[in-house]
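A.B. asks: Take this structure, written in structure tokens, and hold onto it; I'll ask about it next.
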Ligand SMILES: [Fe+2]
Ligand SMILES: [Fe+2]
């Protein structure tokens with residue numbers, strides 16, 4: 001765990017795979033180092049960071065010619081997460097500004113511009129595969145358990161991960177890291193190791209004269225200008241972040257030098273550590289000095305050094321004589337109880353260990369103590385890997401919706417925000433469990449799962465929704481034509497807690513635990529569109545804010561307490577956006593539900609509903625663009641609805657290739673549970689609105705109907 005011995009792998013694991021249980025992302029202390037050159041402006045900073053990169057290239061350590069695979073494997077924990085330092089900066093509350101949009105574009109570029117095959121992490125994996133090297137993905141447990149990786153390999157990656165999860169006050173460090181990573185690209189040793197590949201796309205996207213690299217540098221430069229425009233730029237902090245990265249990369253490069261050969265005792269200890277994880281549970285009846293081997297191997301209190309010392313004195317081993325030791329000559333040979341457990345290289349380790357044992361067979365104290373950190377590191381990771389997701393005890397009372405909104409939007413780094421989100425979400429999903437029952441799906445023509453059934457169902461919904469939306473404006477309005485102008489504005493305000501964070505349900509797909517698959521790349525494209533695709537005035541939240549401002553309604557910024565306490569809001573107006581934020585905290589765990597919820601959001605309103613909303617606003621001379629835009633951008637042919645359908649198909653088809661059909665069927669049900677949860681979330685707000693408006697609206701409608709008084713006059 002953070003701050004404890006051997007915790008680097010654990011911290012990496014936790015930041016990648018359990019962001020919802022995130023450790024406090026403390027910035028490395030080297031960032032506070034003040035012995036740094038002064039930079040007065042963005043140009044000077046740019047040059048200074050570039051020079052730092054050149055210095056790194058000049059300081060490359062000499063490595064043996066055959067070290068290329070080692071270098072490439074060692075850089076994997078970092079390369080697979082390319083862009084992760086921007087994670088917090090691309091969340092929905094940071095992207096309504098020009099700087100936020102630029103960083104969003106930079107992140108989009110790092111993650112493949114909407115295509116998983118172009119994701120820089122995936123390109124690196126492909127480059128390794130071309131050299132015959134396989135590494136697990138950061139989304140699996142196996143990467144953290146990979147014996148080929150060292151603590152320094154994870155430490156290098158951890159710097160970016162921590163900066164990417166730091167609070168918005170760490171913006172200068174994010175920018176410093178981003179400029180440095182953009183300018184320097186992968187370390188020279190990594191580039192040289194890949195240089196022999198004829199067509200390494202990973203190298204190409206980082207090559208200085210190539211289009212993508214030029215684009216990345218342009219964005220990085222623009223980010224500095226946008227940052228300067230905010231006033232009082234802290235250039236020294238940006239430089240310090242680059243210096244921290246430089247420092248970490250030097251440490252990493254130094255760690256690549258060939259290690260001192262392990263002693264026979266150390267090699268044996270490493271072997272025992274790797275085996276006992278699998279051996280525990282199989283050796284209840286095998287005794288060593290009155291204790292079962294399972295007791296020696298128990299992951300909750302392993303005593304591997306003691307085990308080895310005892311084994312060395314046991315009848316299985318003749319110290320100094322592997323050729324007479326029953327452990328080597330009988331137990332591990334054909335017919336022995338451990339035949340096939342060790343491969344030839346491992347048997348050689350056993351052989352050397354026994355050969356090196358002095359007659360007294362006692363390990364030197366230094367070797368015993370040297371083995372402790374490794375076993376405690378193992379212990380840390382194994383505990384983390386077996387932990388089930390933490391769920392807070394169910395509170396009888398959650399905070400109010402506006403307060404949850406504020407917390408989930410502004411404090412993602414707080415561990416209790418994650419448990420609050422989890423609790424809220426599971427309650428909401430539980431409430432719509434019945435919508436995913438087989439008989440319900442069957443009735444709707446949705447069972448069993450098939451891509452065609454999904455297409456047919458969505459097409460039918462779109463036809464229903466769109467059919468009535470083609471008439472001219474005046475014919476579109478029903479009872480809502482009797483709403484007064486102030487009531488229409490009030491209605492619009494109820495939509496703003498959601499509209500200002502449009503896209504929030506998808507912000508979790510930016511996280512490294514979700515971002516590499518084809519379906520999540522598609523979801524990220526939708527997310528980027530919701531945020532304006534790099535253009536601040538096209539940011540959906542900004543569009544709604546501008547419409548209201550034109551009408552004299554100026555709301556506080558949505559990440560403030562003043563916003564959630566604004567007296568014009570119904571508390572139920574926060575129900576939908578709170579659900580969006582809650583699922584974004586747990587996108588990996590609730591990925592099928594997220595796919596369903598996303599489809600529900602994108603499909604909702606397309607056609608008649610958006611057209612009627614636009615007509616109503618036009619009727620009162622209020623800019624309808626927010627709704628006009630959604631009717632086009634969410635369209636079912638090539639817009640967000642189409643992408644949402646495709647994301648579900650990609651996910652389920654991929655799952656069907658590697659999972660039991662029962663799991664695919666369950667995922668299909670969970671998708672519909674997510675869909676239903678979105679529909680259900682807006683019900684309380686609609687009820688509250690109806691209660692507020694219906695009495696006077698109904699009266700005006702009745703007067704207009706019975707007395708023939710025109711709507712405008714009636715209002
Ligand atoms: Fe939108
Ligand atoms: Fe959309």
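A.B. asks: Do the conditions hold for residue 558, that is, is it under 22 Å from residue 684 (Cα atoms) and either part of a loop (DSSP other than H, G, I, E, B) or modelled with pLDDT under 95 (or both)?
C.D. replies: Spelling it out, residue 558 is indeed under 22 Å from residue 684 (Cα atoms) and either part of a loop (DSSP other than H, G, I, E, B) or modelled with pLDDT under 95 (or both).
A.B. asks: Within region 292-303, which residues are under 25 Å from residue 356 (Cβ atoms) and surrounded by fewer than 19 Cβ atoms within 10 Å (Cβ to Cβ)?
C.D. replies: Answer for region 292-303, where residues must be under 25 Å from residue 356 (Cβ atoms) and surrounded by fewer than 19 Cβ atoms within 10 Å (Cβ to Cβ): just 303.
A.B. asks: If you don't mind, there's one more thing I want to ask. Give the residue that is modelled with the lowest pLDDT, with candidates limited to residues of region 504-555 that are within 15 Å of ligand 1 (Cβ to nearest atom), buried (at least 21 other Cβ atoms within 10 Å of the Cβ) and not in a helix (DSSP H, G or I).
C.D. replies: So the residue we want is 532.
A.B. asks: Let me confirm something: among 583, 648, which residue is within 16 Å of ligand 2 (Cβ to nearest atom), surrounded by 21 or more Cβ atoms within 10 Å (Cβ to Cβ), modelled with pLDDT of 90 or more and under 18 Å from residue 432 (Cα atoms)?
C.D. replies: Going through 583, 648 in turn, just one is within 16 Å of ligand 2 (Cβ to nearest atom), surrounded by 21 or more Cβ atoms within 10 Å (Cβ to Cβ), modelled with pLDDT of 90 or more and under 18 Å from residue 432 (Cα atoms): 583.
A.B. asks: Tally the residues that are more than 10 Å from ligand 1 (Cβ to nearest atom), within 25 Å of the chain's Cα centre (by Cα) and part of a helix (DSSP H, G or I), restricting the search to region 621-645.
C.D. replies: Residues that pass the stated criteria total 5.
A.B. asks: Also, quick follow-up: Restricting to region 334-355, give me the number of residues that are modelled with pLDDT under 75 and either under 13 Å from residue 312 (Cα atoms) or exposed (fewer than 14 other Cβ atoms within 10 Å of the Cβ) (or both).
C.D. replies: The number of residues fulfilling the criteria is 8.
A.B. asks: Regarding residue 81, is this residue part of a loop (DSSP other than H, G, I, E, B) and at pLDDT below 95?
C.D. replies: The answer is yes for residue 81.
A.B. asks: Restricting the search to region 590-606, which residues are within 11 Å of ligand 1 (Cβ to nearest atom) and either modelled with pLDDT of 95 or more or in a helix (DSSP H, G or I) (or both)?
C.D. replies: 601, 602
A.B. asks: Follow-up question, since we're still on this one. Search region 166-225 for residues being free of Cβ contacts under 8 Å to residues at least 24 places away in the same chain and within 18 Å of residue 43 (Cβ to Cβ), and hand back the single one that is surrounded by the most Cβ atoms within 10 Å (Cβ to Cβ).
C.D. replies: The qualifying residue surrounded by the most Cβ atoms within 10 Å (Cβ to Cβ) is 218.
A.B. asks: Evaluate the following for residue 609: is it in a helix (DSSP H, G or I), more than 25 Å from the chain's Cα centre (by Cα) and within 16 Å of ligand 1 (Cβ to nearest atom)?
C.D. replies: Yes; evaluated as a whole, the condition is true for this residue.
A.B. asks: If you don't mind, another one. Pick out the one residue from 657, 608, 669 that is away from ligand 2 (no atom under 14 Å from the Cβ) and under 30 Å from residue 491 (Cβ atoms).
C.D. replies: Of 657, 608, 669, the one residue that is away from ligand 2 (no atom under 14 Å from the Cβ) and under 30 Å from residue 491 (Cβ atoms) is 608.
A.B. asks: Kindly indicate whether residue 660 is more than 16 Å from ligand 1 (Cβ to nearest atom) and more than 27 Å from residue 460 (Cβ to Cβ).
C.D. replies: Here the answer is yes, as residue 660 does meet what is asked.
The values are calculated or read from the model by the stated rules, or taken from the named source; none is laboratory data. Remember, it's a predicted structure, so these values are computed and weren't measured experimentally. Heads up, the Cβs are rebuilt from the backbone with ideal geometry, glycines too, and the neighbour counts pull from every protein chain shown.
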